[in-house]
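Worksheet for the structure shown next.
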């Protein structure tokens, strides 16, 4: 089960109707967050910000790409963690996902404490400006 069940999406830079940001943390890989394509897609970067119920020691995260098609699969990313959702500082992690539908798991070099998580998609695999997420989850330091 998702550790983000009691979390909430406080910001998504773009959302298509029916594919809102909350779908990225609803513990259902069949629902997705997808950036808007009408009247035309906004270019990268795209981002989603999540507020956890309490300050949490985080040692990593998982990302599940949309499962029904490859539109919006994220290639390059940055992850930020913040105590207040305003001061983000430098990214706690940056990288490139492998292409494919499988769950991607990333462990940070060092655990960090925060209440807000900011996931920034810098690029996709399909040369389109879309981003999509089936599920995001955090890995607490206690695991």
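For the chain, what does the relative contact order come out to in percent, with C-alpha contacts under 8 Å and a separation of six or more?
It rounds to 34 percent for the chain.
Going by average Cβ density within 10 Å per residue, which order do the peptides 89-99, 70-80, 131-141, 20-30 take, highest to lowest?
My ranking of the peptides, most packed first, is 131-141, 70-80, 20-30, 89-99.
Over the Cα atoms of the chain, what radius of gyration and what Dmax do you get, in Å?
13.9, 44
Rg(Cα) of segment 1-75 divided by 2.2 N^0.38 Å?
Compared with the compact-globule rule of thumb, segment 1-75 sits at 1.13.
No value in this document is a laboratory result; all are computed from the given coordinates. The structure presented is a predicted model; accordingly, all values stated were derived computationally and were not measured. Neighbour counts are summed over all protein chains in view; Cβ atoms, including those assigned to glycine, are modelled from backbone coordinates with ideal geometry.
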